[in-house]
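The values are calculated or read from the model by the stated rules, or taken from the named source; none is laboratory data. Since we're looking at a predicted model, the values are computed, not measured. Every residue, glycine as well, gets a Cβ built from its backbone with ideal geometry; the counts of neighbours run over all protein chains shown. Each accessible area value is taken on the protein alone, full model and side chains, heavy atoms only, with ligands, DNA and RNA left out. Shrake-Rupley method; radii C 1.70, N 1.55, O 1.52, S 1.80 Å.
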Amino acid sequence: MASNLFIVIVGCGRLGAYLANRLSRAGHGIVVVDYRMEAFDNLSSDYSGFRVEGDAAELAVLKQAKVDKADLLIATTRDDNINLMVAQAAKAEFGVPRVLARVFEPRREDVYRRLGVETVCPTSVAAELFLKSVCQENES
Amino acid sequence: MEAKPVLIVDDEKNIRLTLSQALEALDLETDTAVNGEEALVRLAKKSFGLVLLDLKMPGMDGMEVLRRLRQTRPDIKVIIITAHGTIDSAVEAMKLGAVDFIQKPFAPKEIRELVTKVLNRDEIAADKARHYDEHVELAKKHINRREFDVAQEHVRQALAVDSTKPEAFNLLGALIEIRGDRLEALKQYRAALALDPSYEPAAQNVQRLVVRQQEGGQISFGKKQRPGEERR
């Protein structure tokens, strides 16, 4: 089954759409959720998944996106609180085996970890890359 | 499982792709059509065992395909593909022997499970059925064949085994509605909803019947206005 996952992506901004396009191209079944219809314009023309328009903070919308059937959920909205809420609902209410979330505030990562949610923090990732680059310059 | 090919009829490319990819794992041969007219051409040329049919298509819609299919090939099984909240023609489809619906978006596993269930339905023997699920499946088998009286008998048996699940009440409501008794049908739909308020097919049936009575024959939902749309 690992080669053909059913993935729900919450938020169809630059990051969400990028992930949706790439994962769809890789042959996975994708549903993207966003409350703005225009956000779906970010999807490429060969994106072969589904679009659900609605507020992911509502359980009914997550149900409509069939989160209960998902192998993986990725929360990518710009709002840490929404991401946390969606991730929590996916874990506790729908029993999604694997949940990933974007967190902007590095201090919140701990809360997510306690809930069993894997996180990616753009701030920490960017900071590490900057530091690496600075160190390399100093050495040379 | 019978190995007859499956025809996928949908105007959206991604749906056709998702469905054929999902069915590959079942070793089923699939064919696709992009509209009603093309579907009828394919159906005339090849012997299909199952059709996955979208109701909303430009030109000839799914219901018309279903109507014509029933005149020529009543034995072919049909699964209806619907968008969220638009199963307002469920009873009409059931009159034509289509009782299985799959709502967009769908997970590949979900598609495979439903297709397997529908294809294996014929193998359930009436005299050996004991469980709730078996009786529900038998009821559906007879709805497929448009033997509504026998179907209703199986629904009643399902309810006798387990009266705590909404699906059998909803099916009973639909069978009663087919016979023309809307008020009694509504009671059964409401019973299904009382057991599980989140059971959507029953919620939609109640809404449809109530709206129809209030508006004098107009079925208006399915084209709901989106929030903010009136301002544009």
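Looking only at residues in the stretch A:12-32 that are within 10 Å of the chain's Cα centre (by Cα) and within 26 Å of B:I111 (Cβ to Cβ), the one that is surrounded by the most Cβ atoms within 10 Å (Cβ to Cβ) is A:V32.
Would a scan of the stretch B:9-30 turn up a residue that is away from chain A (no Cβ under 14 Å), hydroxyl-bearing (S, T, Y) and either closer than 19 Å to B:D100 by Cα or assigned to a helix (DSSP H, G or I) (or both)? Taking every residue of the stretch B:9-30 in turn, at least one turns out to be away from chain A (no Cβ under 14 Å), hydroxyl-bearing (S, T, Y) and either closer than 19 Å to B:D100 by Cα or assigned to a helix (DSSP H, G or I) (or both).
If you filter the stretch B:131-147 down to residues that are crowded, with 18+ Cβ neighbours inside 10 Å and more than 18 Å from B:I79 (Cα to Cα), you find that the one that is farthest from the chain's Cα centre (by Cα) is B:Y132. When B:E177 is tested against (1) free of Cβ contacts under 8 Å to residues at least 60 places away in the same chain; (2) in contact with a Leu (Cβ under 9 Å, 6 or more places away or on another chain), just one condition goes unmet, and that condition is (1).
Screening A:A39, A:A87, A:A70 for residues that are open to solvent by less than 40 Å² (accessible area, probe 1.4 Å), under 16 Å from A:R14 (Cα atoms), modelled with pLDDT of 90 or more and among the small types (G, A, S) leaves exactly one candidate, A:A39. From the list B:L53, B:L43, the one residue that fits, being assigned to a helix (DSSP H, G or I) and open to solvent by less than 40 Å² (accessible area, probe 1.4 Å), is B:L43. Every condition in (1) in contact (Cβ under 8 Å) with a residue 40 or more places away in the chain; (2) more than 9 Å from every other protein chain (Cβ to nearest Cβ); (3) buried (at least 19 other Cβ atoms within 10 Å of the Cβ) is met by A:A65 except one, and the failing one is (2). So, B:I124, is that one within 21 Å of B:G62 (Cα to Cα) and either touching a helix residue (DSSP H, G or I) at 6+ places or on another chain (Cβ under 8 Å) or crowded, with 18+ Cβ neighbours inside 10 Å (or both) or not? It is false that B:I124 is within 21 Å of B:G62 (Cα to Cα) and either touching a helix residue (DSSP H, G or I) at 6+ places or on another chain (Cβ under 8 Å) or crowded, with 18+ Cβ neighbours inside 10 Å (or both). Scanning the stretch B:107-117 for residues that are crowded, with 21+ Cβ neighbours inside 10 Å and touching a Lys or Arg at 6+ places or on another chain (Cβ under 7 Å) turns up just one, B:A107.
Considering (1) more than 13 Å from chain B (Cβ to nearest Cβ); (2) among the hydrophobic types (A, V, I, L, M, F, W, C); (3) buried (at least 23 other Cβ atoms within 10 Å of the Cβ), the lone condition that A:A57 does not fulfil carries the number (3). For the stretch B:108-130, a tally of residues being within 17 Å of the chain's Cα centre (by Cα), within 14 Å of chain A (Cβ to nearest Cβ) and farther than 20 Å from B:L55 by Cβ returns 2.
Being surrounded by fewer than 17 Cβ atoms within 10 Å (Cβ to Cβ), more than 10 Å from chain B (Cβ to nearest Cβ) and under 13 Å from the mean Cα position of the chain (by Cα), is that true of even one residue in the stretch A:44-51? Taking every residue of the stretch A:44-51 in turn, none turns out to be surrounded by fewer than 17 Cβ atoms within 10 Å (Cβ to Cβ), more than 10 Å from chain B (Cβ to nearest Cβ) and under 13 Å from the mean Cα position of the chain (by Cα). When B:E29, B:E38, B:E12 are screened for being surrounded by fewer than 23 Cβ atoms within 10 Å (Cβ to Cβ) and in contact (Cβ under 8 Å) with a residue 40 or more places away in the chain, only B:E12 passes. Does A:E105 satisfy the condition of being of a type outside the set (S, T, N, Q), open to solvent by 20 Å² or more (accessible area, probe 1.4 Å) and touching a helix residue (DSSP H, G or I) at 6+ places or on another chain (Cβ under 6 Å)? When the stated conditions are applied, A:E105 passes them.
Part of a helix (DSSP H, G or I), more than 18 Å from A:G95 (Cα to Cα), modelled with pLDDT under 95 and within 12 Å of chain B (Cβ to nearest Cβ): is that true of A:S24 in this structure? Yes, satisfied. Identification of helices (runs of 4 or more DSSP H) wholly contained in the stretch A:71-140 with 3 or more residues that are free of Cβ contacts under 8 Å to residues at least 24 places away in the same chain yields A:109-114, A:122-139. For the stretch B:70-108, residues that are free of Cβ contacts under 8 Å to residues at least 40 places away in the same chain and farther than 25 Å from B:L172 by Cα total 5.
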